[in-house]
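In what follows, a single structure is set out as structure tokens and then discussed.
The values are calculated or read from the model by the stated rules, or taken from the named source; none is laboratory data. Bear in mind that the values here come from a model prediction, so they are computed numbers and not experimental data. Please note: Cβ atoms are built from the backbone with ideal geometry, for glycine as well, and neighbour counts cover all protein chains shown. In case anyone asks, the SASA skips ligands and DNA or RNA and just uses the protein heavy atoms, side chains included. Shrake-Rupley method; radii C 1.70, N 1.55, O 1.52, S 1.80 Å.
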Amino acid sequence: MRYRHSTFGAAAECQAPAPTVLSPIAAGKGIFRVPTRNRRPVAASAQSVATAAQLFATTQPAAPGSTAVEPQLDPELLTGFVDVVGITDVTHDVKTFELRAAWMPSVDFAPGQYVTMRIPELGLERCYSISSAPFGTNTFTITVKRVAGGAVSTYLHDTVRVGDRIHVDGPYGLFSTSFHPAQRHLFLSAGSGITPIMSMVRSLLARQGGSVTDIAFVHSAATPVDIIFRAELEQLAELAGVSVTILCSRDSDSETWTGRRGRLDARTLAEVVPDAAERETFVCGPSGYMDAVRPLLAEAGVAQVHEESFVFATAPADRVARARSGGRAGLSGAAPAGACHTIDFVGSARRIDCDSDTTVLDAALDAGLSMPSSCSEGACGTCKSTLVSGEVEMNHAGGIRPKEIAAGKFLPCCSTPLSDLVVER
């Protein structure tokens, strides 16, 4: 499961504001060409290789009796083992984990971004939004809802204790007010989708001191006991310039909900945010919620919408099967449609063929190579690899940082070859 982020103009007939000039990484999905190593600074390349090797080492379970090797950490990246310094019950099935990156004087992230959490004991990785704001300290929080049958959320809730260490990699993502600045904001969330929203709201209030704040916040929950950050939302509602609306679909066993009831609809949106069309809008929640909200925003004339939601990534086997059934070039049994290139994986001593329409990940999986991957669309950074030589076209969704691209890193899941490649994996 992963986060998916997209930005779109919801109402085609509306006049969209002039686009903000952003850096390539902040501009969202785009085409990136990773240069060959001989075009990169030597020092940066050497550093990236060492970091990749150390990172890989940290993801492998330690052999019995062996001594764990501390990774060499890049002080500018939130990548490595963090200490669990606090755990707070937020609701009956939601906990906030306070994490400290001891090697950093302060954790640098944009509010709304997420980290990829790696659990070697389970052999699994998951992305979790950072729920705190960047306040210049080396601690940050993630807020995790227990998911029925969810291995990682169950592990975090039942096994992780204060004093434990967890491996994180990040920050990632473009779902942030930092990348889409505006004077007026509309935040819509449902369930645990409130976590990145709360990070942005907290950051806006801290930066602006509340003096020029103009925030409309509408949160949906199943019942009163399912309202995440309820006390804080009620406090926010008292601030000047902040409008908070909470909707519950039904009562809980212990409380009759006296606020607005039901799901968000066009009438409620028009009543609580009559000027929605004038606001930069961020939406996060389950896929059903997102599907229901999109037409509401279009009807309200909201032009600038950024969304992030939980979706299930395609399993590697399904991904390859789908590519084959679609006649994707470069995979066994399909006629190549573009130029064919070779990919040498130096760590595996394997050479495979891949045409220019097939991602490096698809070609590797089809050839039987083992390659970690999670989101499969350039969002989580799980498959990040080092390109020793060659060029690729990379269309990522925020799962890699500009510094990493400059150092020769790329994401095989969203990269197609432009030349013969040598990959350090």
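Okay, residues lined up against (1) at pLDDT below 85; (2) surrounded by fewer than 23 Cβ atoms within 10 Å (Cβ to Cβ); (3) among the hydrophobic types (A, V, I, L, M, F, W, C):
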{"position": "Ala349", "(1), (2), (3)": "no, yes, yes"}
{"position": "Ser370", "(1), (2), (3)": "yes, yes, no"}
{"position": "Glu377", "(1), (2), (3)": "yes, yes, no"}
{"position": "Val388", "(1), (2), (3)": "no, yes, yes"}
{"position": "Val392", "(1), (2), (3)": "no, no, yes"}
{"position": "Arg401", "(1), (2), (3)": "yes, yes, no"}
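To keep it simple, each residue is scored yes or no on (1) in contact (Cβ under 8 Å) with a residue 60 or more places away in the chain; (2) open to solvent by less than 40 Å² (accessible area, probe 1.4 Å); (3) in contact with an Asp or Glu (Cβ under 7 Å, 6 or more places away or on another chain).
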| position | (1), (2), (3) |
| --- | --- |
| Thr258 | no, no, no |
| Arg263 | no, no, no |
| Ala266 | no, yes, yes |
| Ala277 | yes, no, no |
| Glu280 | yes, yes, no |
| Gly288 | no, no, no |
| Asp291 | no, no, no |
| Glu308 | yes, yes, no |
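In this structure, does Arg146 turn out to be under 19 Å from the mean Cα position of the chain (by Cα) and charged (D, E, K, R)? Yes: the conditions hold for Arg146.
Note on the stretch 275-300: among residues that are modelled with pLDDT of 95 or more and part of a loop (DSSP other than H, G, I, E, B), the one that is farthest from Gly399 (Cα to Cα) is Asp275.
Of all residues in the stretch 226-248, none are without any contact (Cβ under 8 Å) to a residue 60 or more places away in the chain and under 30 Å from Pro402 (Cα atoms). Restricting the stretch 208-256 to residues that are of a type in the set (Val, Ile, Thr) and closer than 18 Å to Leu186 by Cβ, the residue that is most open to solvent (accessible area, probe 1.4 Å) is Val212.
Looking at (1) open to solvent by less than 40 Å² (accessible area, probe 1.4 Å); (2) within 30 Å of Ser252 (Cα to Cα), which is the only condition Ile166 fails? For Ile166, the exception is condition (2).
When Leu99, Leu122 are checked against the criterion of being aliphatic (A, V, I, L, M) and part of a loop (DSSP other than H, G, I, E, B), Leu122 stands alone in meeting it.
Taking residues in the stretch 367-381 that are within 19 Å of Pro402 (Cα to Cα), and partners anywhere that are of a type in the set (Phe, Trp, Tyr) and modelled with pLDDT of 80 or more, the pairs with Cβ atoms closer than 8 Å and at least 6 places apart or on different chains are Ala379/Tyr172; Cys380/Tyr172; Gly381/Tyr172. For the stretch 408-425, residues that are open to solvent by less than 10 Å² (accessible area, probe 1.4 Å) and assigned to a loop (DSSP other than H, G, I, E, B) total 2. For the stretch 134-163, the set of residues classified as surrounded by fewer than 16 Cβ atoms within 10 Å (Cβ to Cβ) and not aromatic (Phe, Trp, Tyr) consists of Gly136, Thr137, Ala148, Gly149, Ala151, Thr154, Asp158, Thr159, Arg161, Val162, Gly163, listed by residue number.
Apart from one condition, Val162 fits all of (1) among the aliphatic types (A, V, I, L, M); (2) in contact with a helix residue (DSSP H, G or I) (Cβ under 9 Å, 6 or more places away or on another chain); (3) farther than 29 Å from Ser243 by Cα; the exception is (2).
This table checks each residue for (1) modelled with pLDDT under 95; (2) part of a loop (DSSP other than H, G, I, E, B).
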{"residue": "Ala182", "(1), (2)": "yes, yes"}
{"residue": "Leu186", "(1), (2)": "no, no"}
{"residue": "Ser189", "(1), (2)": "no, no"}
{"residue": "Thr195", "(1), (2)": "no, no"}
{"residue": "Met200", "(1), (2)": "no, no"}
{"residue": "Ser203", "(1), (2)": "yes, no"}
{"residue": "Thr213", "(1), (2)": "yes, yes"}
{"residue": "Val218", "(1), (2)": "no, no"}
{"residue": "Val225", "(1), (2)": "no, no"}
